[in-house]
Amino acid sequence: MRIWVGIDDTDSPEGMCTTYLGILCMEEIQKAGYEVIGFPRLIRLNPTIPFKTRGNGAVSFLVEAPDFEHVREIVDGVIQENSCLSHENTNPGVVFVRDEISILDYLTKFSLKAVKDVVSLDEAHFIIGKFMIPHLKYKKGRGLIGALAAVGYEDKDYTYEILAYRKPENFGKPRSYDKDTFFRADELYYPKIWDTVDWHNRIVVCVPNGPDPVLYGIRGSDFEAILKATEILETEEIDRKMMFITNQSTDAHIIDEREAKNVSNHHSYSLTGVVVEKPEVIRGGHVFFTISTGFGMIKCAAFEPTKQFRDIVMKLVRGDRIRVFGSVKKNTINLEKMEIIELVRSKEANPICPVCGKRMESSGKNQPFRCRRCGTKSTKKHLMPLKREIEEGFYEVPPCARRHLSKPLVRMEGIKKHVFR
Ligand SMILES: [Zn+2]
């Protein structure tokens, strides 16, 4: 029979990674003589959930095996041995789902909710009960949510990421790699791969920091280009590599304003609005402004890590019509990208005196303008062209600030775009 295995919440800030644990499970399952079919999947869930694990990614893969029981035993052994069970916020969950349309269709709805919305552990338990899904639950078992979501996820848009892992003896040590080879890979294979490096900020963005086992991850739309790119990378010794099919870089988390009932925290949106006050930079380099939308006034933020994107935001003025994309936290939408729909191109100024050519002066609110030299009065305001240093189109945060789920502009066709690479 064909069984989907879904795994989540096995890592902690001190180490491990659910993708790595998924690979260990796949290897043990293959050693037992069963087949793993196709690429495993890496599904990123709602990035604004307060109790998420690092990156909020869950893993699933398809296995051909005679029954659930042995597969479950194997996975249990791998998790007991390798997950960060001692960490209080690590609450692994694993599900084993028959590859059957009736169950998977139901799970797909749950999965989309887990990516865009907030789901409870009770909802996960309800589904497990309803379909009598064999599962493994450790401690609070919060991982059951992501495990079910990773199995049920279905979308026409997807991308790939190959993850390369370090030798276990190197976990926790600084990563050793030749920076230039990553820039070279980007030069050769962009835009089939993206977010490998950030040229402007001179950072290799596909190499994480921290104690997890990942050495690098190359993202792209074409898995052959991804494989070729990895061949020219010079790094410390690699232990394992695995290609994942993923919902990264697809904007799967974004709720379009036409589908939104309201705008609330822990959700991500695309919203059109008009700038009502000029953006301001506060200490620390964070930029804030407010737009007027169909949902009321919405505060927008471009935080310091979004780097040169803030320079574009700072050039907005009152009256500019824009669309913003991002997650709402603390009643503020954190911008991932924006579309400038229409810029204000003129500003009101006091009129020129038709008699002597001098600029007229205001003589108080709701009073006509008045020429100081000859006394001529006028009520007509004068429109002056406003010089703008930005233009209409899409702008995005640079690769060093990209979130897993954000669709980079390089993936968007038929639009006027300003790519930060
Ligand atoms: Zn005059």
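The values are calculated or read from the model by the stated rules, or taken from the named source; none is laboratory data. All values reported here derive from a predicted model rather than from experimental measurement. Cβ atoms come from the backbone with ideal geometry, glycine included; neighbour counts cover every protein chain shown. With ligands, DNA and RNA removed, areas are computed over all heavy atoms of the protein, side chains included. Shrake-Rupley method; radii C 1.70, N 1.55, O 1.52, S 1.80 Å.
Some observations on this one:
- Selected from L62, L121, L148 as most flexible by GNM, with the chain as the system and alpha-carbon contacts under 10 Å: L121
- The Cys residues in the chain with no partner Cys Cβ within less than 4.7 Å of their Cβ are C17, C25, C84, C206, C300, C356, C374, C400.
- Distance between the 7 Å Cα→Cβ label points at L112 and R283: 4.6 nm.
- Each Lys and Arg contributes +1 and each Asp and Glu -1, all at the Cβ; summed about the Cα centre of segment 143-237, the dipole is approximately 220 debye.
- Here the spin labels are modelled as points 7 Å beyond Cα on the Cα-Cβ line, and at H418 and I352 they lie 3.1 nm apart.
- For segment 2-152: rounded, prolate or oblate by the Cα gyration tensor [a/c cutoff 1.5]: oblate
- Fraction in percent of alpha-carbon pairs per bin - 10 Å, the chain: 4, 19, 26, 22, 13, 6, 4, 3, 1, 0
- By accessible area with a 1.4 Å probe, ligands and nucleic acids excluded, highest first: order of F131, F289, F295: F295, F131, F289
- Nearest 10 degrees, 0 to 90: helix 68-82 Cα axis against the chain principal axis: 70
- For K261, the lysines whose Cα comes closer than 20 Å to its Cα, not counting residues fewer than 8 places off in the same chain, are K109, K113, K116, K299, K329, K330.
- FRET efficiency for the R345 to L188 pair, using the beta carbon distance and R₀ = 45 Å, is estimated at 0.65.
- Helix axis angle, 101-116 relative to the chain longest principal axis, alpha carbon, degrees: 40
- When you restrict to C-alpha pairs under 8 Å that are six or more residues apart and normalise by the size of segment 159-246, the relative contact order lands at 51 percent.
- Computed with a 1.4 Å probe on the full set of protein chains, the accessible area for I312 sits at about 20 Å².
- Overall form of segment 87-206 per C-alpha gyration tensor (a/c, 1.5; a/b vs b/c): prolate
- Within-12-Å neighbourhood charge of C25 [Cβ basis; K, R +1; D, E -1]: -3
- Straightening the chain between K179 and A32 buys 49.0 nm, computed as 0.36 nm per residue apart minus the Cα-Cα spacing.
- P(r) tail fraction, segment 346-385 - alpha-carbon pairs more than 13 Å apart, %: 43
- Using a probe of 1.4 angstrom and keeping all protein chains present, the accessible surface of the chain works out to 47 square angstrom per residue.
- FRET efficiency estimate (nearest 0.05) - Cβ-Cβ, H382 to D155, R0 51 angstrom: 0.45
- For the pair segment 192-212 / segment 345-421, the C-alpha centres are spaced 37 Å from each other.
- If R0 is 35 Å, the Cβ-Cβ spacing of F295 and I203 corresponds to a FRET efficiency of close to 0.50.
- Spatially, segment 234-300 and segment 98-124 are offset by 23 Å when compared through their Cα centroids.
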